[in-house]
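Colleague: A single structure is presented below for examination.
The values are calculated or read from the model by the stated rules, or taken from the named source; none is laboratory data. Just so we're clear, the structure is a prediction, and the values are computed from it rather than from any experiment. All Cβ positions, glycine included, derive from the backbone under ideal geometry; neighbour counts span all protein chains shown. The protein model used for the area step is the full one, side chains on, heavy atoms only, and it has no ligands, DNA or RNA in it. Shrake-Rupley method; radii C 1.70, N 1.55, O 1.52, S 1.80 Å.
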Amino acid sequence: MELPKRLAALAAFIPYGSIAADIGTDHAYLPIFLVKQGICRFVIATDLREGPFQSAKHKIKEHTLEDRIILRLGDGLQPLKPGEVEVLVLAGMGGNTIRGILAGAPPTLAGIKRLVMQPMTDAGDLRNWLAANGWKIADEELVEEEGRIYVVIAAEPGCEVTCDPLYLELGPRLLEKKSPLLERYLTSFMVKYERVLAGLALAHSTAAREKALEIEAKVARIREVSACL
């Protein structure tokens, strides 16, 4: 079974022999891959919506993995019991949605050894929350699929050494690894902020001018980082 690049990047961050939960599993492609490849002994797969839940149920049955993939319907981490799993996978949702799911279930989160996340947006907000709540960014990867660049983040309990807000926004381990996709990834930040600046240029308030100066300084720093690649 071959996974799309984005899901394969998630699988690569899951330790062998671990017990994982895939939150928002959709068609259960990742759990099926994890157990068939022997990466996980078993996986708990959850989804909030009845449609994806039924799709996952069909796929799991098709692969005769009902004894190794436990499927549950529910919101966030609510379907899990504390201590059931070691690894949490949260992918294909916004970074602030992931942050809300994690923040809303401290008892379940207490026994987790690794978080594997693929935020569609707001990765910087997610990293900031992780760093402020006892998680270190263990590893990160960029992967391109169908012309879009995705970021995958692995976090573990511990103290994040990066304090610079900009580095947390861009991805401290990404900057250290200097991924081949990093230059394009940084360019996307500059394009986003330049659009914001264009909008602020139409405003004439003191607050807008102050915000513009702040963003201009941030864009200048991103350019400096990009120039060092």
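Colleague: Please give the length that would be gained between Val191 and Cys163 if that part of the chain were fully extended, namely 0.36 nm times their separation in residues minus their C-alpha to C-alpha distance (nm, one decimal).
Modeller: Once the chain is fully extended between Val191 and Cys163, it gains 7.6 nm.
Colleague: Further, regarding this structure: Restricting things to alpha carbons, find the Rg to Rh ratio for the chain using the Kirkwood radius for Rh.
Modeller: 1.02
Colleague: Alpha carbon centre of segment 184-229 versus segment 69-142: separation in Å?
Modeller: 30 Å
Colleague: Let me ask something else about it. Hey, can you grab everything whose amide H is under 5 Å from the amide H of Asp122? Only 5+ residues off in sequence or another chain; H modelled, so Pro and N-termini drop out.
Modeller: Here the answer is Gly95, since their amide H atoms fall under 5 Å of that of Asp122.
Colleague: Taking the Cα centre of segment 33-114 as the origin and placing charges on Cβ (Lys, Arg +1; Asp, Glu -1), which of Thr108, Ile39, Gly74 is farthest toward the positive end of the dipole?
Modeller: Going by the Cα projections, it comes out as Ile39.
Colleague: Only bridges whose two residues both fall in the chain count here: according to DSSP, what percent of them are antiparallel, nearest 5?
Modeller: The answer is about 40 percent antiparallel.
Colleague: Would you list Ile112, Ile101 from the most to the least accessible area, probe 1.4 Å?
Modeller: So the residues, ranked largest to smallest area, are Ile101, Ile112.
Colleague: Normalised by the number of residues in the chain, what is the relative contact order in percent for Cα pairs under 8 Å and 6+ residues apart? List each step's numbers first, then the result.
Modeller: Values: 386 pairs, mean separation 33.1, N = 229.
Here the relative contact order equals 14 percent.
Colleague: In segment 126-229, which trypsin sites (Lys or Arg not before Pro) fall in coil by DSSP and have 16 or fewer other Cβ atoms within 10 Å?
Modeller: Lys178
Colleague: Which lysines, on any chain, are close to Lys61 with Cα under 17 Å apart, when same-chain ones fewer than 8 places away are left out?
Modeller: Lys36
Colleague: In deg cm²/dmol, rounded to 500, what helix-only [θ] at 222 nm does the chain give when every DSSP H run of at least 4 residues adds -39500 (n - 2.57) and the total is split over its residues? Spell out each step's value before the answer.
Modeller: Details: 10 runs with 105 residues, N = 229.
Taken over the chain, the calculation gives -13500 deg cm²/dmol.
Colleague: What does the accessible area per residue of the chain come to in Å², with a 1.4 Å probe and no ligands, DNA or RNA counted?
Modeller: Value for the chain: 50 Å² per residue.
Colleague: Could you compute how much accessible surface Val152 exposes when probed at 1.4 Å, giving the result in Å² to the nearest 10?
Modeller: Accessible area of Val152: about 0 Å².
Colleague: Report the rotationally averaged projected area of segment 1-73 based on its alpha-carbon convex hull, in square nanometres.
Modeller: For segment 1-73, averaging the hull's shadow over all directions gives 4.2 nm².
Colleague: According to the Cα gyration tensor, what semi-axes, each the square root of 5 times an eigenvalue, does the equivalent ellipsoid of segment 110-174 have, listed from largest to smallest in whole Å? Show your work: numbers first, answer last.
Modeller: Numbers: eigenvalues 79, 37, 17 Å².
The answer is 20, 14, 9 Å, longest axis first.
Colleague: Something else now. Can you classify segment 116-217 as rounded, prolate or oblate using the Cα gyration tensor, where a ≥ b ≥ c are the square roots of its eigenvalues, rounded means a/c under 1.5, and otherwise it's prolate if a/b beats b/c and oblate if not?
Modeller: It is oblate, given that a/c is not under 1.5 and a/b is not larger than b/c.
Colleague: Could you tell me what percent of the accessible area of the chain is made up of carbon and sulfur, with a 1.4 Å probe and every protein chain present?
Modeller: 54 percent
Colleague: How large, in Å, is segment 165-229 by the Kirkwood hydrodynamic radius built from its alpha-carbon pairs?
Modeller: 12.6 Å
Colleague: Please list, by residue number, every one of the trypsin sites (Lys or Arg not before Pro) in segment 34-72 that is coil in DSSP and has at most 14 other beta-carbon atoms within 10 Å. Please list the in-between numbers first.
Modeller: Values: sites: Lys36, Arg41, Arg49, Lys57, Lys59, Lys61, Arg68, Arg72; in loops: Arg49, Arg68.
In loop regions of segment 34-72 (DSSP not H, G, I, E or B), the sparsely surrounded trypsin sites (Lys or Arg not before Pro) are Arg49.
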